[in-house]
1. Let me see the P(r) profile for the range 390-491: every Cα-Cα distance counted, bins of 5 Å, each bin given as a percent of all pairs.
2. Over all directions, how big on average is the projection of the convex hull of the alpha-carbon atoms in the range 177-222, in square nanometres?
3. Translational diffusion coefficient of the chain at 37 °C, 0.692 mPa s, Stokes-Einstein with Kirkwood Rh over Cα pairs, in µm²/s as a whole number.
4. What is the distance in Å between the Cα centres of the range 221-290 and the range 424-448?
5. Please report the equivalent ellipsoid semi-axes of the range 205-342, computed as sqrt(5 x eigenvalue) of the Cα gyration tensor, largest first, in whole Å.
6. Debye calculation, C-alpha points only, no solvent: report log10 I(q)/I(0) for the range 299-440 at q = 0.10, 0.16 Å⁻¹, in the same order as the q values.
7. Just by accessible area at a 1.4 angstrom probe, what is the order of Trp504, Trp200, Trp145 from largest to smallest?
8. Counting each pair of different Cα atoms once, what's the Kirkwood radius of the range 389-447 in Å, rounded to one decimal?
Amino acid sequence: MAQALTRYLTRQSVETESGVVPFFAGVWAIFGHGNVAGLGEALYGVRDELPTYRAHNEQAMAHAAIAYTKQLRRHRAFACTTSIGPGATNMVTAAAVAHVNRLPVLFLPGDVYASRRPDPVLQQIEDFGDGTVTANDCFRPVSRWFDRITRPEQILKSLPRAMAVLTDPAECGPVTLALCQDVQAEAFDYPEDFFAPKVWRLRRPQADPAELADLIEALSAAQRPLIIAGGGVRYSRAEAALASFAERHNIPFCETQAGKGAVPYDHPLNLGAIGVTGTDAANRAAREADLIVAVGTRLQDFTTGSAALFPQARIAAINTAAFDAGKFNALAVVGDARSVLEAVAVQPAPAVWTDGLRAEWDATVDGVLAAAEPATEARVLGALMRTIDDNAVVVAAAGGLPGDMHKLWRTKSSGGYHMEYGYSCMGYEVAGGLGVALAEPDREVYVLVGDGSYLMMNSELATAVMMGVRMTVVLIDNRGFGCIHRLQKATGGAPFNNRLEDSWHTQLPPIDFVAHAASMGAHAVKADDIAGFEAAIAEARVRGGVNVVVIDTEATTGTSEGGAWWDVAVPQVSDSPTVSAARAAYDQKLKTIRDIP
Ligand SMILES: Cc1ncc(C[n+]2csc(CCOP(=O)(O)OP(=O)(O)O)c2C)c(N)n1
Ligand SMILES: [Mg+2]
């Protein structure tokens, strides 16, 4: 069965702008007793067509798979295989990352014996009330298609279904096929045509004419329309269509984390980031807009600030997924972003209604980035922007960085801003950088990571060295979970359990990140200040390979410019006067937001 499965994977291709390419770029694998003998043996057999890569942590290898497909806008994907039990459940968080971000990854965890002969087999969790439950059931809520292969012939039905999900623009997300250990090794006479080469097409569903007509009517009536560009713009390859739509109609646009950089930052209609980490330009426009055209976005609370930022505006949502198009009682236009944007034409507005906002914010950013001392996260970003290639890719996921980068980063090329913010999963960064470097080996890749995220998951630094990729990790050390410390203070809380100094300790750990990264084979240096940082980045660019540049910043202050209110529930009852004050302010604010209809 495992041999049939791997052979099937090698026969799946996808149509891209640059021709037909194999859909699966390879398989990330950490072997154990649940997959080494079955799937492992099969992977060895197809190693020339479907390479297997060894990682150090199952979650991290899946992060690399996710970053790879995100960077290639879902055109190609990886499979990830693990042993049963801990190897499998290590991957569940990554499955959630893929699920939230609607990204195709094929998860192939080993599973218990279908025959149950050796039950309880090593690493089998036993359910007292249900013989069909295994550890892999944890994948169910984070898979778009889940199946347990308990007979070899089941893959005849399950693999085509898996491919259909992985390549469908609306259903797209992780697929989990839990492979019973004994079944992997079983023989079956599969029909030859099961292995016929198949070319998948990433379809572009057209919108219903009535929904298009509604959108045209809403656009014609709007006085102050604003477009939100989400990740769907990138997945649909609708960057040019979006810019042209905005230009044709004189409509300004702004960007979510996943949509950022679809159109370069300096496009005259680009107001930049929207939401809790948005620019003043975009957020002011959102507050005043009478029609929000949400293109390919999940309208998540933080990213778009949807409920609080534009409580009154009408929303028209263009999305391949009816699920997303129907949020906030929106005027739903279910269809591919590019197709819809190309199909719509209305009388253009005489002028852009947000004139001046963009330039004002641009000047604000200039000010934030310019100063050199002391080294803040924002100034590190400024220094990086001054030093790197216009076509470089920055990768980040959690901590203070996504907020600062969303507002301040000046993305010059599509795909130059790779932010995992659907799940904002700490530990994505280094492994994600590896995935991006594999996806686009000709672009410079910069991973931006906080000390907290780095400590949570750094193992794939060694894999990156081993695989000879080129990437530079910028490690911002503020001695703890700085952004959560600031959130704690903003909600009236006492500084507690976030910065190292505020956490229970007998001594503060003297973590030497340079020595740590160097021990895994990276070239690591510490920059003492912004000037030293710029020099270190310039050197890394010339050196190539895997570099780590560490710089200290301070955890207490974030970037105060830009931003919007975020709904973070504060206790109604507390002995602390600061918490009670924060709650009173919270209650006031709740009166102004879009309530559940
Ligand atoms: C896996 C995971 N656990 C917890 C969180 C919640 N969280 C978000 S940011 C953060 C702190 C990150 O610390 P660091 O990487 O040092 O960045 P900083 O906040 O200092 O900028 C935490 C705990 C998360 N996003 N992901
Ligand atoms: Mg930190």
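The values are calculated or read from the model by the stated rules, or taken from the named source; none is laboratory data. Keep in mind that what you see is a predicted model, and the values were worked out from it rather than measured. Counting neighbours? That spans all protein chains shown, and the Cβs are built from the backbone with ideal geometry, glycine included. Surface accessibility is based on the protein's heavy atoms, side chains included, excluding ligands, DNA and RNA. Shrake-Rupley method; radii C 1.70, N 1.55, O 1.52, S 1.80 Å.
1. Calculated over all Cα pairs of the range 390-491, the distribution is 2, 14, 24, 24, 19, 10, 4, 2, 1 percent.
2. 7.2
3. 130
4. 25
5. 19, 16, 14
6. Normalising to I(0) and taking log10 leaves -0.50, -1.20.
7. Ranked from most to least accessible, the order is Trp504, Trp145, Trp200.
8. Final number for the Kirkwood radius of the range 389-447 is 11.5 Å.
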